[in-house]
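One structure below.
The values are calculated or read from the model by the stated rules, or taken from the named source; none is laboratory data. Quick caveat: nothing in here was measured; it's all calculated off a predicted structure. Because the Cβ atoms are built from the backbone with ideal geometry, glycine has one as well, and the counts that use them run over all protein chains shown.
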């Protein structure tokens, strides 16, 4: 039998209340138990151990007898275990398996493995015997570690997906903004480098001169690394050849082998940026260490490349829209030049031709015509100055509102040939955007007077204070019924848009036969209580 007693103690010395026959039965039960069992005395010395425990730790049962129980523990835990054993001797208690008493065991060969301990005790008079059941939980710990690793990986993956989702949402918001193209591309490069864990990234643009690739925006690239880099080989010398490349993956994404890189980077991920049938350039990500790219990473790179393409297309559309707006504004100015200045000068020319004969025949009438000629020429000059101001929008911001209104009023006098009184009380200058809005509203109002009002007298009043401003243009002309006139017909929509742009308030009062008054009010939000 492998179950032995410490120092050949008699059965009566260990359990004096049991007959020998009962002790033999106990020995058989312990030896046949399905778990490893060890018993120690009050001094912590092993007095019995079954074969399962001896096999677990690589000893024979005889080698364990009379040895301190700390022999089965790593050296770093032995002093702490002695303290625990002394405390346990003072207050012994049963601790079944699964109560959380996990330790590290040490085999005879020095290898360590995790164990779980269950404790029970027998105390008769002054004799304390502690019996421990020991289970090797290496497989359970491995399973727990695998599960924990999977949980960490899943948590990391969910966090990465959340980061990708947030980043793509932010990028879409920037794409829908009016930010400059370079700023948007820089954001995309930084996001691509971060989400795909690249050491550096760049957006290349194909040169219009020699089809070489120029860096439009980059992140993480130093001057030294740029100077040492060769041209990416993903793009052939002629861009149009890319369109016929049938072997290229969707959107052209392809990893570049380390052998193709002649610089410090060992791996690259490249996405050609194709706008319709035109190859703009490419999004390239650089890695210092060799690596493989998953399908998900390539798909994400494709998405970011699509965002870059969308940003470039939007920038081009905005540029075309601006060009169209400039052309439309030039056409409007040309029409105004024909409708106002040309007609004014034509009228002035007719008066100038008949003026010499009229003066000889009727000096009083000649004087009137001479004054009319003076007004026409002054009006034409003011009209020309106004058109020149509109050709240079920055000038509208630089010139004061007093001068701007004087030019508008002088031009309207020449066109409408009616007196226009102006009153301006300015105790604080208008903000630039408010000044431009007031200018265009006054222009629309005076154009309506000249074209539609058939007025005899017009009053323009401007009151500008630190906390608010008010512009009023009123006439005694024909007026109109607001319910029957569309906003676009008299430029009312333009006035409303200009007012809304500065968070102002527009009021239009008109009655057929009783004139029209257009008033715009603006409150300074910085002076609000």
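A search for C-beta distances below 8 Å between a residue of the range 206-222 that is in the same structural domain as residue 194 (by TED's automatic domain parsing) and at pLDDT below 80 and any residue that is in a loop (DSSP other than H, G, I, E, B) and surrounded by 14 or more Cβ atoms within 10 Å (Cβ to Cβ), counting only pairs 6+ apart in sequence or on different chains, returns 213/232; 213/235.
So, residue 493, is that one over 23 Å from residue 409 (Cα atoms), outside any strand (DSSP E or B) and without any contact (Cβ under 8 Å) to a residue 24 or more places away in the chain or not? For residue 493, the condition - over 23 Å from residue 409 (Cα atoms), outside any strand (DSSP E or B) and without any contact (Cβ under 8 Å) to a residue 24 or more places away in the chain - is not met. Going through (1) modelled with pLDDT of 90 or more; (2) surrounded by 13 or more Cβ atoms within 10 Å (Cβ to Cβ) one by one, residue 23 falls short only on (1). Evaluate the following for residue 403: is it within 30 Å of residue 373 (Cβ to Cβ) and free of Cβ contacts under 8 Å to residues at least 12 places away in the same chain? It is true that residue 403 is within 30 Å of residue 373 (Cβ to Cβ) and free of Cβ contacts under 8 Å to residues at least 12 places away in the same chain. Inspection of the range 382-395 finds no residue satisfying the criterion of being at pLDDT 70 or above and surrounded by fewer than 16 Cβ atoms within 10 Å (Cβ to Cβ).
Conditions (1) surrounded by fewer than 12 Cβ atoms within 10 Å (Cβ to Cβ); (2) free of Cβ contacts under 8 Å to residues at least 60 places away in the same chain; (3) not in a helix (DSSP H, G or I), marked per residue:
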site	(1), (2), (3)
86	yes, yes, no
104	no, yes, yes
122	no, no, yes
131	no, no, yes
148	yes, yes, no
153	yes, yes, no
187	no, yes, no
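Here are some residues: 452, 456. Which one is surrounded by fewer than 18 Cβ atoms within 10 Å (Cβ to Cβ), touching a residue at least 24 places away in the same chain (Cβ under 8 Å) and in a helix (DSSP H, G or I)?
Values: 456 fails: in a helix (DSSP H, G or I).
From the options 452, 456, the qualifying one is 452.
Which residue, of 110, 42, is modelled with pLDDT of 90 or more and in a loop (DSSP other than H, G, I, E, B)? Please lay out each step first, then the result.
Details: 42 fails: modelled with pLDDT of 90 or more.
110 is the lone residue from the list that is modelled with pLDDT of 90 or more and in a loop (DSSP other than H, G, I, E, B).
Among all positions in the range 396-403, there is at least one residue which is closer than 18 Å to residue 461 by Cα, touching a helix residue (DSSP H, G or I) at 6+ places or on another chain (Cβ under 9 Å) and modelled with pLDDT of 80 or more.
Screening residue 194 against (1) farther than 23 Å from residue 317 by Cα; (2) in contact with a strand residue (DSSP E or B) (Cβ under 9 Å, 6 or more places away or on another chain); (3) modelled with pLDDT under 80 leaves a single unmet condition, (3).
State yes or no: is residue 99 in contact with a strand residue (DSSP E or B) (Cβ under 8 Å, 6 or more places away or on another chain), at pLDDT below 85 and at negative phi? Against the criterion (in contact with a strand residue (DSSP E or B) (Cβ under 8 Å, 6 or more places away or on another chain), at pLDDT below 85 and at negative phi), residue 99 qualifies.
Can you say whether residue 173 is modelled with pLDDT of 80 or more and not in a helix (DSSP H, G or I), as far as the supplied structure shows? No: the conditions fail for residue 173.
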